[in-house]
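Taking it in order: structure first as structure tokens, then the write-up.
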Amino acid sequence: MDAASSKAAALASAKVVKNAKGNIVPSSQKAHIVYGCEHMGEMFENARKQTLQHYRSILQLIHDKPSVIAQTYVDSNNEPVVSLRPLYLCLQCPNIMTHEQRDQHFDTKSHCFSVESRDGNVYCGNCQDFIYDPELEIRRLLKGKKRKFEDALTADDDKLIVTNSTFLPCRATGLRGLYNMGQTCFMSVILQTIVHNPFIRNFFLAEGHKTADCEKESCVSCALDEMIVEFHSAEKTEGYGAVSMLMGSWLAGEALAGYQQQDAHEYMQFFLNNLHLTNGGSTDSEDCDCIIHKTFYGKLQSTVTCDQCNNVSTALDPYMDLSLDIRSHKRRKNADKGEDPGLDLRDCLDRFTAREKLESAQYTCRSCDSPQNAIKQLSVKRLPPVLTIHLKRFEHNKSASSKIETRVSFPTKLDLFPYTTAHKEQVKASKAAGLPITNFNMNSPTNNITYELASVIVHKGKIDSGHYVSYSREGNDWFAFDDSKVVLADEAEVLRAEAYIVTYMIGSLDV
């Protein structure tokens, strides 16, 4: 073997290249690496064509199909589960696995290579590490698209395609509008939000609701199952007529019958309760194992401290969404000046969990056995995977109803730790110890509970003549839904919206 051959053989087993100082060499300088590792070299020698074809298919699944597919694995009970962490797709068989299942799969099947479900990076079981392979990296960067076609395009070709092409966001990816069947926009926005919730969507796509076995007449769960399957199987771009859903809603809720406009928040509560009842839901919220409680159920803690004896009484209350007051003190102060300074969603949450004085007429202390002044405070004891926040835009009294037009800004990422019971207890302990009150998240990432914006429902117009539209995120893209119309939206447009209901999804979940 000559020197050149020896050098090539030595480099064939390299996963990364480091310079004399021990720093990893940038990928542009790695062109001389033959394979990502010696095991990939053997794989290419024995089954090069099949390996590249399967890798390309996996990349297309990751980038072109609904993200829920590559993020769903089967657990030990043979039940489909959506993971918020990256999964691994076997490069040698169709399995989708967690990292524990990946290692077990390697031990039992000797399938060495798997592909990470977010970016398509390749993991080697023998090396127990991710590998860099030039051949696979080219395909990874192309996200499964054919390189030949891309290389053949000239600048003029690109210009011609852009000028004469129309982006179709639909196809069989769940992106379809809903026909308005007579002031049914309140129903449409809730359905779009539910359809684009990966926990609910995956439950129905995995036949969590057995439509064939359901005996309930005009069942809303059967109607939702039919709708989700249609959205994810038929390559159609026209709107969908949710007739079965409308009929099921009318029969299940008498107040919904007819073609008058309804409140989207009230419909959401009705709809989730019906999904709960028709999918194995129990009357005990604490022990309920249905998909609705797994997704939306949380707990609030109410703490009342007596001013006289410092006795503390605590109560826990379940919730499926949080309703926040948006009447701004600043707004009232500046009303005469015609100014509307608006609010931030975090201001509303601060007020929701702030200390509140109770007069003696409002509270009777059990320890004192008499009416006493007290301090009440709410905090979030348990957060659900999906948190729905309802902004109280509509005021009703005996004489009239009105809409609050206050602008409420909301972030794409929301840290909910400051509103939790754990945080309030830390603050209380610091005060008792005479320590300064600081931002507990500043140097403690473990205390950071980050949720990401998933959908926004907007009410446009006046209270008696308005219209509902919504925005939902699919992957990294936002889409606007206005009855049967579906268009791509930018994030800035979403954040400018006059939100009525916002939905946040947990960014990562320890399992």
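The values are calculated or read from the model by the stated rules, or taken from the named source; none is laboratory data. Keep in mind the model is a prediction, meaning the values are calculated, not measured. We place every Cβ from the backbone using ideal geometry, glycine too, and count neighbours over all the protein chains shown. Remember, those area values only see protein heavy atoms, side chains included, never the ligands or the DNA or RNA. Shrake-Rupley method; radii C 1.70, N 1.55, O 1.52, S 1.80 Å.
When restricted to residues that are in contact with a Ser or Thr (Cβ under 8 Å, 6 or more places away or on another chain) and either part of a helix (DSSP H, G or I) or more than 20 Å from GLU405 (Cα to Cα) (or both), the stretch 489-502 contains 2. Scanning the stretch 305-327 for residues that are in contact (Cβ under 8 Å) with a residue 24 or more places away in the chain, hydrophobic (A, V, I, L, M, F, W, C) and within 30 Å of MET505 (Cα to Cα), we see that the one that is most open to solvent (accessible area, probe 1.4 Å) is LEU316. For the stretch 468-488, a residue qualifies if it is of a type outside the set (A, V, I, L, M, F, W, C), open to solvent by less than 50 Å² (accessible area, probe 1.4 Å) and not in a loop (DSSP other than H, G, I, E, B), and the qualifying residues are TYR468, SER470, TYR471, SER472, GLU474. Looking at the stretch 342-391, which of the residues that are among the hydroxyl-bearing types (Ser, Thr, Tyr) and without any contact (Cβ under 8 Å) to a residue 60 or more places away in the chain is nearest to THR450 (Cα to Cα)? Once the filter is applied, the top-ranked residue is TYR363. Of the residues SER57, SER83, SER67, the single one that is over 30 Å from PRO385 (Cα atoms) and either among the polar types (S, T, N, Q) or open to solvent by less than 40 Å² (accessible area, probe 1.4 Å) (or both) is SER57.
Return yes or no: is LEU191 within 21 Å of GLU266 (Cα to Cα), within 22 Å of the chain's Cα centre (by Cα) and not basic (Lys, Arg)? Judged against the criteria, LEU191 is a match. Here is the figure for the stretch 44-101: residues that are of a type outside the set (Phe, Trp, Tyr) and closer than 16 Å to ARG140 by Cβ total 17.
Helices (runs of 4 or more DSSP H) fully within the stretch 180-297 that include at least 2 residues being out of contact with any Pro (no Cβ under 6 Å at 6 or more places or on another chain), closer than 21 Å to SER67 by Cα and modelled with pLDDT of 90 or more: 185-195, 198-205, 220-233, 291-296. Of all residues in the stretch 207-228, those being free of Cβ contacts under 8 Å to residues at least 60 places away in the same chain, more than 18 Å from TYR179 (Cβ to Cβ) and open to solvent by 10 Å² or more (accessible area, probe 1.4 Å) number 10. Screening the candidates ALA242, ALA264 for the property of being within 20 Å of ASN180 (Cβ to Cβ), of a type in the set (Gly, Ala, Ser) and in contact with a His (Cβ under 8 Å, 6 or more places away or on another chain) yields one hit, ALA264. The set of residues in the stretch 417-428 being open to solvent by less than 50 Å² (accessible area, probe 1.4 Å) and either assigned to a strand (DSSP E or B) or over 18 Å from ASN448 (Cβ atoms) (or both) consists of THR420 alone. Consider ALA361 against the criteria (1) out of contact with any Pro (no Cβ under 7 Å at 6 or more places or on another chain); (2) surrounded by fewer than 15 Cβ atoms within 10 Å (Cβ to Cβ): it satisfies all of them except one. Which criterion is unmet? Unmet for ALA361, out of (1) out of contact with any Pro (no Cβ under 7 Å at 6 or more places or on another chain); (2) surrounded by fewer than 15 Cβ atoms within 10 Å (Cβ to Cβ): (1). Evaluating GLU395 against the criteria (1) in contact (Cβ under 8 Å) with a residue 40 or more places away in the chain; (2) under 24 Å from LEU272 (Cα atoms) leaves one unmet condition, (1).
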